[in-house]
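Colleague: To start, I am sharing the structure in question, which I have written as structure tokens.
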Amino acid sequence: MQRSALRFSNVVVDSPALILLKHGTKSLQSGSRQWTIQGGDAIAIAGGQSLDVSNHLSSAGLFEARWLVWDKAVVQRFEEAFPAAGRAMTGAVVLKQPSSEFLAATERAISAVCCPSDVPEPVALHRLTEVLVWLSLAGVKLSVPRALSTSAKLRGLFAGAPSEAWTISNVTARLAMSEATLRRRLSAEGTSFVDLLADVRMSLAMTLLQSTDRAVARIALDVGYESASRFAIRFRERFGFAPTAIRGHRRSGT
């Protein structure tokens with residue numbers, strides 16, 4: 001949820017996702033391609049891409065969206081079970097006002113993810129797969145790359161433990177790779193170890209600010225910053241506004 005209209009640049013979507021927009025307007029842009037959805041619409045997003053995202057409030061001053069993100073293994077199992085489900089999508093696909101049954105299936109899957117203690121894992125996997133079936137019937141086939149880039153591998157490591165004191169030496173040990181090779185590969189992919197770690201932490205912080213009511217200081221700790229003020233500085237450097245702006249709190253004149 002958001003209480004301010006905001007734009008997020010270069011948001012990396014690592015895994016296939018589905019967004020149900022409840023209130024407001026959302027626009028996504030990748031290069032020359034752009035997609036816009038209104039309240040009641042949905043959009044499927046292919047994993048492994050960077051997007052510029054703009055969220056605007058409804059006439060009632062609300063923005064609310066529900067995200068469902070698939071673990072890559074679940075999507076791969078679906079591809080193996082339904083090889084004729086169609087051609088894998090790229091970019092994003094807008095689903096205008098999907099049916100009530102589609103929405104109900106998606107809400108059941110979201111509930112399984114949000115309340116793991118209440119839903120056995122086999123049932124949760126079934127619900128996630130059911131949504132993939134609904135998408136395939138709409139001509140949308142989510143897929144995952146078979147070979148991950150070095151930066152994607154690191155993003156997965158960092159996202160799993162964002163508060164860990166990551167160093168290039170402990171990462172290279174986990175990847176069985178020399179520091180020189182890691183630096184060279186990241187440079188070829190247009191990033192660096194420090195920038196990648198900071199981006200993963202800031203992206204997770206953005207999600208926590210939108211989806212929880214945790215205090216900013218608590219979120220700073222959750223993503224690896226003992227100093228809330230330093231966290232706020234890095235967040236503003238990354239997105240161009242303070243963490244509190246997501247919840248509708250702005251200093252006068254900003």
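Colleague: Taking each full run of DSSP H in the chain as one helix, which ones are at least 20 Å long along their axis (Cα atoms) and have mean Kyte-Doolittle hydropathy of at least 1.0?
Modeller: Values: long enough: 100-114 (21 Å, 0.75); 121-137 (24 Å, 0.86); 193-211 (27 Å, 1.07).
The qualifying helices are 193-211.
Colleague: If you don't mind, there's one more thing I want to ask. For the stretch 115-145 and the stretch 1-78, what is the centre-to-centre distance using only Cα atoms, to the nearest Å?
Modeller: Measuring centre to centre over Cα atoms gives 18 Å.
Colleague: What number comes out for the charge environment of residue 1, summing +1 per Lys or Arg and -1 per Asp or Glu over other residues with Cβ under 14 Å away?
Modeller: Every neighbour counted, the sum reads +4.
Colleague: Using protein chains only and a probe of 1.4 angstrom, how many square angstrom of residue 233 are accessible, to the nearest 10?
Modeller: Probe radius 1.4 Å; accessible area of residue 233 about 100 Å².
Colleague: What is the dipole size for the stretch 72-145, taken about its Cα centre, with +1 at each Lys and Arg Cβ and -1 at each Asp and Glu Cβ, in debye to the nearest 20?
Modeller: Values: 7 positive and 7 negative charges, 57 e Å.
Taking the Cα centre of the stretch 72-145 as origin, the dipole is about 280 debye.
Colleague: What's the magnitude of the charge dipole for the chain around its Cα centre, counting Lys and Arg as +1 and Asp and Glu as -1 at the beta-carbon? Answer in Debye, nearest 20.
Modeller: Details: 30 positive and 21 negative charges, 134 e Å.
So the dipole magnitude of the chain works out to roughly 640 debye.
Colleague: Between 64, 107, 164, which gets the highest mean-square fluctuation from a Gaussian network model of the chain, Cα cutoff 10 Å?
Modeller: Judging by the Gaussian network model, the answer is 164.
Colleague: Using a Förster radius of 41 Å, what is the FRET efficiency between residue 229 and residue 76 based on their Cβ-Cβ separation? Nearest 0.05, please.
Modeller: 0.45
Colleague: Also, I was wondering about something else. What number, rounded to the nearest 500 deg cm²/dmol, is the helix-based mean residue ellipticity at 222 nm of the chain, given -39500 (n - 2.57) per DSSP H run of at least four residues and division by all its residues?
Modeller: Details: 9 runs with 109 residues, N = 254.
Helix-only estimate at 222 nm: -13500 deg cm²/dmol.
Colleague: Per Stokes-Einstein, at 10 °C and 1.306 mPa s, what whole-number D in µm² s⁻¹ belongs to the stretch 62-192, with the Kirkwood radius over Cα pairs as the hydrodynamic radius?
Modeller: On the way: Rh = 17.5 Å.
D, rounded to a whole number, is 91 µm²/s.
Colleague: When the chain is fully extended, how far beyond the present Cα-Cα distance does residue 38 get from residue 173, taking 0.36 nm per residue of separation?
Modeller: Between residue 38 and residue 173, full extension yields an extra 44.0 nm.
Colleague: Next question. What is the dipole size for the stretch 163-254, taken about its Cα centre, with +1 at each Lys and Arg Cβ and -1 at each Asp and Glu Cβ, in debye to the nearest 20?
Modeller: 260 debye
The values are calculated or read from the model by the stated rules, or taken from the named source; none is laboratory data. Given the structure is predicted, the values throughout are model-derived calculations rather than measurements. Every residue, glycine among them, receives a Cβ derived from its backbone with ideal geometry; neighbour counts consider all protein chains shown. These area figures cover heavy atoms from the full protein model, side chains too; ligands, DNA and RNA do not enter into them. Shrake-Rupley method; radii C 1.70, N 1.55, O 1.52, S 1.80 Å.
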